[in-house]
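Chemist: Please see the structure below; I have some questions.
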Amino acid sequence: MPDVVADGLRVLFCGINPGLMTAATGHHFARPGNRFWPVLHLSGFTPRLLKPSEQGELPSYGLGITNVVARATARADELTAQEYVEGGRLLTAMVERLRPRWLAVVGVTAYRAAFGDRRAVVGPQERTIGSSRVWVLPNPSGLNAHWTAATMAEEFARLRVAAED
């Protein structure tokens, strides 16, 4: 799954791992029920609703996408603790190299597993990676019923405002 990255992004979004549809299409957050693209637009990060196939436009908005774990699975609960820890190590190296203003990990459970922070909650974190700040966002998967598209968009918009400072 190719990363959509560049040096000095405002925000590098980091999904958990590619789903099977994402792996098949080569487009991040490709499953139709995933709310990432609509929430990205509703929160003001993009001027229009992008399709997953338009992910290459993200760097023009100062945005990028990667994943904690590269292996595609049907469900994130198929990943091992070791995969998360190794993914956190690789992600840290990427962030140190690319220096985005913010790393936004999409999924609090993934963040906790990758960075060993069991008490992390959605929102800005104390942790930094080099000069990059870290924000944990809710998982936009349709399986995450705790968050609506509207409440997710509010949290994404909080990050957008912080990333503009």
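Chemist: Restricting to the stretch 23-78, give me the number of residues that are open to solvent by 50 Å² or more (accessible area, probe 1.4 Å), part of a loop (DSSP other than H, G, I, E, B) and in contact with a helix residue (DSSP H, G or I) (Cβ under 6 Å, 6 or more places away or on another chain).
Modeler: 4
Chemist: Which residue pairs have Cβ atoms under 7 Å apart, sit 6 or more places apart or on different chains, and have a first residue in the stretch 9-35 that is in contact (Cβ under 8 Å) with a residue 40 or more places away in the chain and a second that is in a strand (DSSP E or B) and open to solvent by 50 Å² or more (accessible area, probe 1.4 Å)?
Modeler: Filtered contacts from the stretch 9-35: no entries.
Chemist: On the given criteria, is Thr46 out of contact with any Leu (no Cβ under 6 Å at 6 or more places or on another chain) and among the hydroxyl-bearing types (Ser, Thr, Tyr)?
Modeler: Against the criterion (out of contact with any Leu (no Cβ under 6 Å at 6 or more places or on another chain) and among the hydroxyl-bearing types (Ser, Thr, Tyr)), Thr46 does not qualify.
Chemist: Then there is this: Have a look at Thr128, Thr151 and point out the one that is of a type in the set (Val, Ile, Thr), open to solvent by 10 Å² or more (accessible area, probe 1.4 Å) and not in a helix (DSSP H, G or I).
Modeler: After ruling out the rest, the residue left standing is Thr128.
Let's see how each residue does on (1) over 19 Å from Asp7 (Cα atoms); (2) free of Cβ contacts under 8 Å to residues at least 40 places away in the same chain; (3) open to solvent by 10 Å² or more (accessible area, probe 1.4 Å):
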residue: Leu90; (1), (2), (3): no, yes, yes
residue: Glu96; (1), (2), (3): no, yes, yes
residue: Ala110; (1), (2), (3): yes, no, no
residue: Arg118; (1), (2), (3): yes, yes, yes
residue: Val122; (1), (2), (3): yes, yes, yes
residue: Val136; (1), (2), (3): yes, yes, no
residue: Phe156; (1), (2), (3): yes, no, no
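Chemist: Something else now. Tally the residues that are of a type in the set (A, V, I, L, M), out of contact with any Lys or Arg (no Cβ under 6 Å at 6 or more places or on another chain) and assigned to a loop (DSSP other than H, G, I, E, B), restricting the search to the stretch 98-125.
Modeler: Matching residues across the stretch 98-125 total 2.
Chemist: Would you mind finding the one in Gly33, Gly107, Gly19, Gly87 that is of a type in the set (Gly, Ala, Ser) and modelled with pLDDT of 95 or more?
Modeler: Among Gly33, Gly107, Gly19, Gly87, only Gly87 is of a type in the set (Gly, Ala, Ser) and modelled with pLDDT of 95 or more.
Chemist: Checking Cys14 against (1) modelled with pLDDT under 95; (2) open to solvent by less than 20 Å² (accessible area, probe 1.4 Å): exactly one of these is not met. Which one?
Modeler: (1)
The values are calculated or read from the model by the stated rules, or taken from the named source; none is laboratory data. Every value quoted in this text rests on a predicted model; they were computed, and no experiment measured them. Methodologically, a virtual Cβ is constructed for each residue, glycine included, from the backbone with ideal geometry; neighbour enumeration extends over all protein chains shown. All accessible areas refer to the heavy atoms of the entire protein, side chains included, with ligands and DNA or RNA removed. Shrake-Rupley method; radii C 1.70, N 1.55, O 1.52, S 1.80 Å.
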